1. How many of the residues making up segment 45-88 are modelled with pLDDT of 95 or more and at positive phi?
2. Sort out which residues of segment 129-165 are touching a Pro at 6+ places or on another chain (Cβ under 8 Å) and within 21 Å of K55 (Cβ to Cβ), and write them in order of number.
3. Which members of segment 31-72 meet the condition of being in contact with a strand residue (DSSP E or B) (Cβ under 8 Å, 6 or more places away or on another chain) and more than 26 Å from C126 (Cβ to Cβ)?
4. Please go through segment 52-77 and give me each residue that is farther than 21 Å from K8 by Cβ and surrounded by fewer than 19 Cβ atoms within 10 Å (Cβ to Cβ), ordered by number.
5. I need the full set of residues from segment 30-39 which are surrounded by 12 or more Cβ atoms within 10 Å (Cβ to Cβ) and part of a loop (DSSP other than H, G, I, E, B), in order please.
6. Check E166 against each of (1) assigned to a loop (DSSP other than H, G, I, E, B); (2) charged (D, E, K, R); (3) open to solvent by less than 20 Å² (accessible area, probe 1.4 Å) and name the one condition it does not meet.
7. If you go through segment 117-174, how many residues are acidic (D, E) and farther than 19 Å from R23 by Cβ?
8. What number of residues within segment 181-236 are aliphatic (A, V, I, L, M), open to solvent by 60 Å² or more (accessible area, probe 1.4 Å) and assigned to a loop (DSSP other than H, G, I, E, B)?
Amino acid sequence: MLNSDDVKRIAFEVGFDDCGIARADALTDEEYPLHEWIRRGWHGDLQYMERNADKRMDPRLLVMGARSVICCVSAYPPPTSSSGEGERETPEWDGVAAYARTREYHKDIKKMLFALQEKLGIEGKCCCDTVPISDKHWAARAGLGWIGRHTLLVTPKWGSWVNLGEIVTVEECSEYSEFSRHPDFCSKCGRCVAACPNHAIAPDGPSMLNVTRCTAYYTTHHQRELPPDLDTRGYTRGCDLCQLACPFNQKTITLNK
């Protein structure tokens with residue numbers, strides 16, 4: 001059995017900013033409304049989301065005999081001169097979202113995950129974005145934050161300016177983190193909804209994003225032809241508008257557990 005305190009300590013040693021551990025039970029539809037999102041067609045042409053929906057909900061289908069999901073946070077520098085009301089930064093702003101400016105996070109996080117796995121001496125699968133597992137929903141399950149109205153993980157210290165990675169392992173841990181349930185933080189806000197010029201964010205109900213109305217969908221990964229009515233606000237890779245509007249990206253808060 002893994003000692004949870006040791007796991008977190010070593011996660012910090014290899015370079016992560018935070019770490020939590022969740023039991024490898026299936027996510028619920030309340031936690032992750034994946035099936036409803038697909039039913040609405042809000043996944044666009046991301047057919048792989050349909051093919052691997054079962055694995056995204058249940059890590060035991062990804063790693064046979066999985067017992068634990070070790071979730072890690074790596075913060076990245078936020079924009080430095082935004083108004084906090086959803087406006088882009090100036091004058092150095094170059095049309096590139098903050099996550100893509102400083103590093104290739106997939107490589108960095110995978111490297112740290114492999115280092116963590118080696119130091120722990122465990123079997124499992126290292127995951128970062130390209131593996132069929134929902135990074136942000138597992139991070140919420142592991143107590144590292146909550147899913148905001150904009151569908152991103154919001155952490156108490158870094159807001160949503162974070163990249164995520166996991167190790168799905170067959171090892172049991174001595175203690176598991178508490179699932180973060182904080183829908184009240186976003187229920188009366190709506191700033192991210194108002195900040196999106198293309199109405200991509202569901203204003204109520206489960207937190208969902210219509211990717212076919214999201215600038216990042218068209219300007220990252222495979223470049224897609226922009227709809228004539230899509231307002232990119234000058235973004236050429238990704239988009240930060242909903243994050244710039246989020247009040248939790250303007251200050252550090254303390255969760256009440």
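The values are calculated or read from the model by the stated rules, or taken from the named source; none is laboratory data. Treat the numbers as computed from the prediction; the structure is a model and nothing was measured. Ideal geometry is used to build each Cβ from the backbone, glycine not excepted, and the neighbour counts take in all protein chains shown. The area values use the complete protein model at the heavy-atom level, side chains included, leaving out ligands, DNA and RNA. Shrake-Rupley method; radii C 1.70, N 1.55, O 1.52, S 1.80 Å.
1. So the count comes out to 1.
2. Answer for segment 129-165, where residues must be touching a Pro at 6+ places or on another chain (Cβ under 8 Å) and within 21 Å of K55 (Cβ to Cβ): I133, W138.
3. Scanning segment 31-72 gives a single hit, W42.
4. Initially, segment 52-77 is screened for residues farther than 21 Å from K8 by Cβ, giving 52-58, 60-62, 64-65, 77.
Residues satisfying the conditions are N52, A53, D54, K55, D58, R60, L61, M64, G65, P77.
5. Answer for segment 30-39, where residues must be surrounded by 12 or more Cβ atoms within 10 Å (Cβ to Cβ) and part of a loop (DSSP other than H, G, I, E, B): E31, Y32, P33.
6. The single condition E166 does not satisfy is (1).
7. Taking segment 117-174 first, the residues acidic (D, E) are 118, 123, 129, 135, 166, 171-172.
Those still in the list that are farther than 19 Å from R23 by Cβ too: 118, 129.
Qualifying residue count, segment 117-174: 2.
8. Looking only at segment 181-236, we keep the residues that are aliphatic (A, V, I, L, M), and these are 193-195, 200-202, 208-209, 211, 216, 226, 230.
Remaining after also requiring open to solvent by 60 Å² or more (accessible area, probe 1.4 Å): 194, 226.
Still in the list and also assigned to a loop (DSSP other than H, G, I, E, B): 226.
Adding up the residues that qualify gives 1.
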